[in-house]
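Right, one structure below, let's go through it.
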Amino acid sequence: MDQENSILPVSVDLDPPIPSNEMERIMALVDFDLDYMDLNKSFADLTKLAAKVAGTSISLINLIDSFTQWSVSSYGIDIRQMPREESVCQYTIMEENSDGFEVEDLSKDERFKDRPFVTNAPHLKYYFGIPLKVNDDLALGALCVLHDDYKSLSAEKKEMLEIIAGEVVNRIKIHQAVANLKRTVQETNSIKNRVAHDIRGPIGGIIGLAEIIQMQGDSNKLEEVLDFIALIQKSGKSVLELADEILSHNFDLTGGVMKRAPKDHEFTLSTLKFKLEDMFNPQAITKQVKLELTATAPFAEIPFPKNKILQILGNLISNSIKFTPSGGIVEVLLDMEVLDQQKILQFKVRDSGVGISPEKIAEILRGGTTSSKGTSGEKGYGFGLNLVNHLIKGLKGRLLIKSDPGEGTEFEFILPLA
């Protein structure tokens, strides 16, 4: 069964559980800078193992951000995401559930009995989740097992699931270490290219000087000096050719702009557009909101570091969907300006939603906004826009907000890149 686009929002009167260290928890998740849609291969063996150990039909590895629960790996069900307030794992990440959270019958629990995955196929009953903790306090999400019938897990099986959850966290840390290493390699290559560029001038000067001396040398009969200078000239040209080779290696200079294929730790405007479509179209379809994304030319294929951009735009898009009524539209414009050696990313998220008052805008930009409900009663957690503002400031960027109550909102995110 394809659950990806079939999970409809339900009205839940209970306030969502929020860990006391929620901002620190979300920042820890953001610091890993994970691509939620590209992790299944890393964890597929662990979700399958968890289901086999527990004897359940379903196992999931879920990461929970400000608005959404992302199923980065699944076994026994095809699901990628659901609203955070609809999830069971939101209870598992609470500090008091460090040893696991168990629900013997979801259909008899007031918190979960009306959930679509309980009342409709696959008619789930049993749940057991282990928090994915990067330290004693911060849980990124949960490893959970679910079943459509009653289950009872022994202490030994629960302990084995804890071990699997620990391995999930280890692989997340390894993923971050590899990503950091790739960024370091990229920075090293950039330094290498700059050094090669810097030596062109001095070596070119040596060659020019050698040519002048060589031109004047016949009248002075400096045969031995000329031979030596000829060697300098030859060596200098060789180094200059090497510098040119380093500068042009694996690059296609088109219109004065350096172009190449993006690496694993990079986006282009085009690849970012497709990623955002995959991630947030299900939310927009569920809310019956039209989501339009545009990557503008001519720099749509120029690579740039991922560097938490997915987390920033993801929170802005989720927020706009949340506060746009059914039948509305959310537009996302991805643009880049190239000035000499600097790139400037310019992203806009524009919606036809309920709008924001000037007082609320000032509160957001101060980093002190509080939670509010969406147009369909979606629960708010009060951290999404705080997080966006914090991340943008950390990247030396700017967040601009234009809005009037009832007239929609436009968020603009400007980020300079060296």
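Look at Ser318, Ser357 and count the other Cβ atoms within 10 Å of each Cβ; fewest to most, that gives Ser357, Ser318. Summarising the amide proton neighbourhood of Phe267: residues at separation of 5 or more, or on other chains, whose placed amide H is nearer than 5 Å comprise Phe304, Lys306.
Here each label is just a point 7 Å from Cα along the line to Cβ, and for Glu359 and Gln341 those points are 4.9 nm apart.
Where does the charge balance sit around Glu95 when Lys and Arg score +1, Asp and Glu -1, over other residues with C-beta under 13 Å from its C-beta? Numbers along the way, then the final one.
Numbers: positive: Arg25, Lys133; negative: Glu22, Glu24, Glu96, Asp99, Asp136, Asp137.
That works out to -4.
Indicate the gyration tensor shape class of region 1-154 (rounded, prolate or oblate), computed on the Cα atoms with a ≥ b ≥ c the square roots of the eigenvalues: a/c under 1.5 is rounded; otherwise a/b larger than b/c is prolate and the rest oblate. Present the calculation step by step, with values, prior to reporting the outcome.
On the way: a/c = 1.33, a/b = 1.19, b/c = 1.13.
Rounded shape, in that the Cα axes give a/c under 1.5.
Dipole magnitude for region 1-150: computed about the Cα centre from +1 point charges on Lys and Arg Cβ and -1 point charges on Asp and Glu Cβ, it is near 500 debye. Evaluate the relative contact order of region 22-179 (contact order divided by residue number), counting alpha-carbon pairs under 8 angstrom at least 6 apart; express in whole percent. The value is 24 percent.
Shown for Val169, Val289: other C-beta atoms within 10 Å of each C-beta, ranked fewest to most, produce the order Val169, Val289.
Taking other C-beta atoms within 10 angstrom as a stand-in for reagent exposure, Ser152, Ser42 fall in the order Ser152, Ser42, fewest first.
Measuring between alpha carbons in the structure, the pairs from Lys263/Lys290; Lys48/Lys273; Lys182/Lys275; Lys290/Lys360; Lys108/Lys157 lying more than 28 angstrom apart are Lys263/Lys290; Lys48/Lys273. In order along region 17-29, the phi-based Karplus estimate (6.51 cos²θ - 1.76 cosθ + 1.60, θ = phi - 60°) of 3J(HN,Hα) comes to x, 10, x, 5, 9, 4, 5, 5, 5, 5, 4, 4, 5 Hz; Gly and Pro are listed as x.
Annotation: for a label point projected 7 angstrom from Cα along Cα→Cβ of Asp137, residues of region 87-127 with backbone N closer than 15 Å are 94-96.
We did not get these values from a lab; they are worked out from the coordinates using the rules stated. Not measured: the values here are computed from a predicted model. Cβ atoms come from the backbone with ideal geometry, glycine included; neighbour counts cover every protein chain shown.
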